[in-house]
Amino acid sequence: RLHRRIVEFRVYNRAGQEVFYADTPGAGWDGTFKGVPQPGGVYYYVVRVAYPDGNAKVLKGDVTLMR
């Protein structure tokens with residue numbers, strides 16, 4: 001079984017503005033941007049995953065932030 005690791009994790013608001021970026025394993029978005037809580041709604045994420053064999057995959061989707 002291959003162990004993958006997250007190389008990049010980005011979150012965007014509906015306007016397409018990046019509100020979160022991390023390239024550190026285990027980092028997560030806390031629903032804020034520059035320390036300001038973001039309004040509830042739909043946000044989009046892009047995660048780039050790397051595999052030990054050199055392959056990479058990009059995963060995209062959305063999440064609803066509830067306040």
Most positive-pole-ward Cα, V36, F9, P52, against dipole of the chain from beta carbon charges: P52
Values of log10 I(q)/I(0), in the order q = 0.11, 0.12, 0.13, 0.25 Å⁻¹, for the chain under a Debye, Cα-only, solvent-free model: -0.29, -0.34, -0.39, -1.09
Dipole moment magnitude, nearest 20 debye, the chain about Cα centre, only Lys, Arg, Asp, Glu C-beta charged: 140 debye
Label-point separation in nm, Y21 to F33, each point 7 Å along Cα→Cβ: 1.4 nm
Karplus 3J(HN,Hα) series, Hz, for segment 46-54 with 6.51 cos²θ - 1.76 cosθ + 1.60 (x for Gly, Pro): 9, 10, 9, 10, 10, 10, x, 7, x
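The numbers here are math on the coordinates, done by the rules we state, and not lab data. This structure is a prediction, so every number in the text was calculated from the model and none was measured. Cβ: placed from backbone, ideal geometry, glycine included. Neighbour counts: every protein chain shown.
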